[in-house]
1. What does the highest-first list of 27-33, 57-63, 110-116, 90-96 look like by mean Cβ count within 10 Å?
2. How much length is gained if the chain between Asp174 and Glu114 is pulled fully straight, taking 0.36 nm per residue apart and subtracting their Cα-Cα distance, in nm to one decimal?
3. So if we plug the beta-carbon distance of Met48 and Val21 into 1/(1 + (r/R0)^6) with R0 = 41 Å, what FRET efficiency do we get, rounded to 0.05?
4. On full extension of the chain, what length is gained from Arg87 through Lys38, given 0.36 nm per residue of separation minus the C-alpha to C-alpha distance?
5. Rounded to the nearest 0.05, what FRET efficiency is calculated for Gln56 and Phe79 with R0 set to 45 Å and r the Cβ-Cβ distance?
6. For the range 35-52, take each phi angle, set θ = phi - 60°, evaluate the Karplus expression 6.51 cos²θ - 1.76 cosθ + 1.60, and give the result in whole Hz per residue in order, putting x for glycine and proline.
7. Classify the range 1-94 as rounded, prolate or oblate from the Cα gyration tensor: take a ≥ b ≥ c as the square roots of its eigenvalues, call it rounded if a/c is under 1.5, otherwise prolate when a/b beats b/c and oblate if not.
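Computed from the coordinates by the stated procedures, all read-outs in this text should not be read as laboratory data. None of these values were measured; they are calculated from a predicted model. Note that we place each Cβ from the backbone using ideal geometry, even for glycine, and neighbour counts take in every protein chain shown.
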Amino acid sequence: MPGRTLDTTDFKVYGPKRQIVTGHSFSGEITMTVYCDKYMRQRSFFEMWQKAAFDQGTNNVHFYDEYTGGLRIYQLGAFAENADRDRISYGVELFECFPKTISAVSYNQGSENEIQKISVSLAFKSWINLTLDQVGNYTVGGGFKKPTVIGADRGLIGNIINKLPPEIRRAGRDVVNVIRQRVPIGAVTGGRVFPPLL
């Protein structure tokens, strides 16, 4: 779970000084350890997320909103009176996250029957307690809402393509991207600026 600090300054009129809160700040990063399968799909997930931040061929950096997103972390607990387990007992939501660092993977000839793990450091802007906080006010015992998804409107064609099955969706996106880059305004801007239809 992420941390939070109250920023303070010393204040003294007469007698012992006191500390007064001037604001709050967040640690800015959390580190998590993830179990991997033999295909390292979990590592590939975070690698693809990192690739949303830059172009490996040109080394150009993408826009902030294109690689940041929301993340929820839940504490699970068992409730004996209900004869169940793995129910959410605490949760936080992080805003504007992205995987800053993916750890190296070490191999050892003598290792055998060990679970492969990776560490991922996630940078974030801020977080809220899902059971207490809502934007601007507090609601004790509030319900869990859907995570905030940060993304731009994809236009009429983009929204239609997103409703297609994954296999067809990839082909449709490729076609739209080619059109974006070949139309004069798309060629000049690398497909960044294009009429809202696409």
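1. Ranked from most to least packed, the peptides come out as 90-96, 27-33, 57-63, 110-116.
2. That works out to 17.6 nm of additional length.
3. 0.50
4. Using 0.36 nm per residue and subtracting the Cα-Cα distance, I get 14.8 nm.
5. For R0 = 45 Å, the calculated efficiency reads 0.45.
6. Karplus values, whole Hz, x for Gly and Pro: 6, 10, 8, 5, 8, 6, 4, 5, 5, 4, 4, 6, 5, 5, 4, 5, 5, 5.
7. oblate
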